[in-house]
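This report concerns only the one structure given below.
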Amino acid sequence: MDIDMAIFHGELRERLQRVEAGREERVAAGAYDGVPSVAELLAGRDVLVTGGSGFLGRVLLEKLLRSCPDIGTVFLLLRAKRGVPPEERVAGIVNVPLFDQLRREQPTAISKLVPVAGDCAELGLGLSPEDRAILQDRVFIVFHGAASVRFDDPVAKAVLLNTRGAREVAALCAGMRQLQTLVYVSTAYTNTHQMRVQERLYPTELDWRTVIALSENADTATTLDFLGKKFLGHQPNTYTFSKALAEQAMADAAATVPIVIVRPSIVIGAAKEPLPGWLDNLNSPSTMWATANMGVLRVSKLSKPEIRFDWMPVDIVTKATIVAAWAKATKQLGSDVLPVVNAALKEVHPVTEAQMRECYNATTIRTVPFTSAVRYPIFIHPTCWLHYQVMHVVYHIMFGLVVDTLLRLSGQKPRLMEVYRKIAAAEVALVPIAERSHITFETPKFWDLQRLMHPDDVKNFDFDLDSLDPRKDCVNLISGIWQYTLKGKLDKENGLRRIDRLFWMEMGFHVFLVAILMYIVLPI
């Protein structure tokens, strides 16, 4: 591989040793005397979660219920759906393999999930006066993760949900009588104009109040959407733009509300728990991995070996989010009015495009073969722009047109070119982030969360960073996409039989083309 992982993991081990030494010193000094663990802090206490139906939100719910068995009610802010009972809305969230272990170990735990009709895109969160009164009377900790994660949302739409929604959550929290912490889940990419992003707030070019006001006005909102990227300034997309403004809204609210901001980098499938590789969506990176293993994607604009991605497994982000809530509530994070935690790993566990390609081509293709692959899966690295364009035309456009034509002739709906359009959209979303791969994130508070962790929480909330391995994680991610996102069944024998057949079919096609060319060019 292009990165000597022994060197980086050596740094990782050194940091983990310092974490362990710091924990031992704190125990010896009696730092935890009278300080509850996470499970003790939340015993009998109610929490509110926004975004509970999303990828990170589901994992957060599962972890809270499984590792805090005595937790009180977990309120879920969910958009109202006419004719759909609350029980069905909760069932739609939890009736997935992610919650199987919880159902086995604590069969009644899911009954603690209570939906509350609301919408973060509406003023007042769309809450009824009765529900608002209940939340403000009972909630102890709030996890605000609801957001549109689409990078191509119109400016006004992203601002109203991501920025104004954060303001409305903070306003709700200001009236909560028992509130100890509001955790705001942001993104590490809110300040991509910085070479090194520190764990602090950076000023935005525009005032968040002004941008919300402009987005609320129908006429000016249309103008914002028309201006698009020109209005965003240095921000690569409307998602990071609106999240950066939301951080400023949280900064203003922090004068009266106890807030901690957690900024995860690019969140991917679970590394370990409760299911290695758990992933329930095909957003951006997973779109590329899924289509590559289907044999659809063979070359990408992102194929630059020097790119270093900052992948962050969702289970590690979840643990950091919960521990951050505990640390703020128990005043372990010091005197910062608004602590900011960069949840990132690139400094100790960098993953380059070249690494991913090597792991994929050398290991994953034959370890997790998809039984519904349409072409032999392999990923090609273009050496220049022209090389990419030629490969794109040959392996994508021509292949897609041929397959869709055959589908039409057989009376079926053509769909491959539509898949390539979705891949192009994912590339458009990821390229600006990839181009900023030189950015590094300072993470002292992220490491502090591990050092400050209560001894009783180590078993359930330790980040377990020393178990990360690019090859193993790559296999788990592809396996998770196949099982949990695409709903496929792992069948290695039939999968290998299929992709080997596709390989020889492709080789035969190439031999046929060469023979035709030789017949045309060479004299008989």
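The values are calculated or read from the model by the stated rules, or taken from the named source; none is laboratory data. Since the structure is predicted, the reported quantities are computational estimates derived from the model, not experimental observations. Glycine gets a Cβ as well: all are built from the backbone with ideal geometry, and neighbour counts include every protein chain shown. The protein model used for the area step is the full one, side chains on, heavy atoms only, and it has no ligands, DNA or RNA in it. Shrake-Rupley method; radii C 1.70, N 1.55, O 1.52, S 1.80 Å.
Hey, any hits in the range 190-199 for a residue that's within 22 Å of the chain's Cα centre (by Cα) and over 20 Å from residue 435 (Cβ atoms)? The answer is yes; a qualifying residue exists. Of everything in the range 79-91 that is among the charged types (D, E, K, R) and within 24 Å of the chain's Cα centre (by Cα), the residue that is surrounded by the fewest Cβ atoms within 10 Å (Cβ to Cβ) is 79. Applying the criterion of being of a type in the set (Val, Ile, Thr) and assigned to a strand (DSSP E or B) to the residues of the range 335-384, the residue that is surrounded by the fewest Cβ atoms within 10 Å (Cβ to Cβ) is 352. Of the set (1) polar (S, T, N, Q); (2) assigned to a helix (DSSP H, G or I); (3) open to solvent by 10 Å² or more (accessible area, probe 1.4 Å), all apply to residue 178 but (2). Number of residues in the range 92-151 that are surrounded by fewer than 16 Cβ atoms within 10 Å (Cβ to Cβ), of a type outside the set (Asp, Glu) and in a helix (DSSP H, G or I): the value is 10. For the range 277-291, filtering for residues that are more than 18 Å from residue 53 (Cα to Cα) and either touching a Lys or Arg at 6+ places or on another chain (Cβ under 6 Å) or open to solvent by 10 Å² or more (accessible area, probe 1.4 Å) (or both) leaves 6.
If you go through the range 202-213 and pick out every residue that is more than 16 Å from residue 229 (Cα to Cα) and more than 26 Å from the chain's Cα centre (by Cα), you end up with 4.
Restricting 383, 367 to residues that are of a type in the set (Ser, Thr, Tyr) and out of contact with any helix residue (DSSP H, G or I) (no Cβ under 9 Å at 6 or more places or on another chain) narrows the list to 383. If you filter the range 256-276 down to residues that are open to solvent by 20 Å² or more (accessible area, probe 1.4 Å) and assigned to a strand (DSSP E or B), you find that the one that is nearest to residue 106 (Cα to Cα) is 267. Given the structure, is residue 62 of a type outside the set (A, V, I, L, M, F, W, C) and open to solvent by 80 Å² or more (accessible area, probe 1.4 Å)? Spelling it out, it is not the case that residue 62 is of a type outside the set (A, V, I, L, M, F, W, C) and open to solvent by 80 Å² or more (accessible area, probe 1.4 Å). Considering (1) open to solvent by less than 20 Å² (accessible area, probe 1.4 Å); (2) out of contact with any strand residue (DSSP E or B) (no Cβ under 6 Å at 6 or more places or on another chain); (3) not in a helix (DSSP H, G or I), say which one residue 76 fails and leave the rest. Among (1) open to solvent by less than 20 Å² (accessible area, probe 1.4 Å); (2) out of contact with any strand residue (DSSP E or B) (no Cβ under 6 Å at 6 or more places or on another chain); (3) not in a helix (DSSP H, G or I), the lone unmet condition for residue 76 is (2). Consider the range 218-240 and keep the residues that are at negative phi, in a loop (DSSP other than H, G, I, E, B) and touching a Ser or Thr at 6+ places or on another chain (Cβ under 9 Å). The one that is most open to solvent (accessible area, probe 1.4 Å) is 234. Can you find a residue in the range 512-522 that is surrounded by fewer than 19 Cβ atoms within 10 Å (Cβ to Cβ), touching a residue at least 60 places away in the same chain (Cβ under 8 Å) and farther than 30 Å from residue 339 by Cα? For the range 512-522, residues surrounded by fewer than 19 Cβ atoms within 10 Å (Cβ to Cβ), touching a residue at least 60 places away in the same chain (Cβ under 8 Å) and farther than 30 Å from residue 339 by Cα: absent. For the range 3-11, does any single residue satisfy the condition of being open to solvent by 40 Å² or more (accessible area, probe 1.4 Å), among the hydrophobic types (A, V, I, L, M, F, W, C), in contact (Cβ under 8 Å) with a residue 60 or more places away in the chain and closer than 30 Å to residue 346 by Cβ? Yes, the range 3-11 contains at least one residue that is open to solvent by 40 Å² or more (accessible area, probe 1.4 Å), among the hydrophobic types (A, V, I, L, M, F, W, C), in contact (Cβ under 8 Å) with a residue 60 or more places away in the chain and closer than 30 Å to residue 346 by Cβ.
Considering the range 162-198, and only residues there that are of a type outside the set (S, T, N, Q) and modelled with pLDDT under 95, the residue that is nearest to residue 238 (Cα to Cα) turns out to be 189. Which residues, taken from the range 103-140, are in contact (Cβ under 8 Å) with a residue 60 or more places away in the chain and under 22 Å from the mean Cα position of the chain (by Cα)? Of everything in the range 103-140, just one residue is in contact (Cβ under 8 Å) with a residue 60 or more places away in the chain and under 22 Å from the mean Cα position of the chain (by Cα), namely 120. Pairing each residue of the range 423-441 that is open to solvent by less than 30 Å² (accessible area, probe 1.4 Å) with any residue that is among the small types (Gly, Ala, Ser), provided the two are 6+ apart or on different chains, yields C-beta distances under 6 Å for 426/284; 429/284; 430/284; 441/188; 441/344.
Selection of the range 181-217 for residues being over 30 Å from residue 38 (Cα atoms), part of a loop (DSSP other than H, G, I, E, B) and open to solvent by 40 Å² or more (accessible area, probe 1.4 Å) yields 193, 194, 195, 203, 204, 205, 206, 207, 217.
Only a single item in (1) of a type outside the set (Val, Ile, Thr); (2) modelled with pLDDT of 90 or more; (3) farther than 24 Å from residue 396 by Cβ; (4) surrounded by fewer than 24 Cβ atoms within 10 Å (Cβ to Cβ) is not met by residue 294, and it is number (3). Taken over the range 36-53, the criterion of being over 22 Å from residue 105 (Cα atoms) and open to solvent by less than 30 Å² (accessible area, probe 1.4 Å) is satisfied by 48, 49, 50, 51. The set of residues from the range 111-127 being closer than 12 Å to residue 52 by Cβ and touching a helix residue (DSSP H, G or I) at 6+ places or on another chain (Cβ under 6 Å) comprises 113, 115, 116, 118, 120. Considering the range 465-475 alone, what residues qualify as being open to solvent by less than 40 Å² (accessible area, probe 1.4 Å) and over 13 Å from residue 13 (Cβ atoms)? Hits for the range 465-475 are 470, 473, 474, 475.
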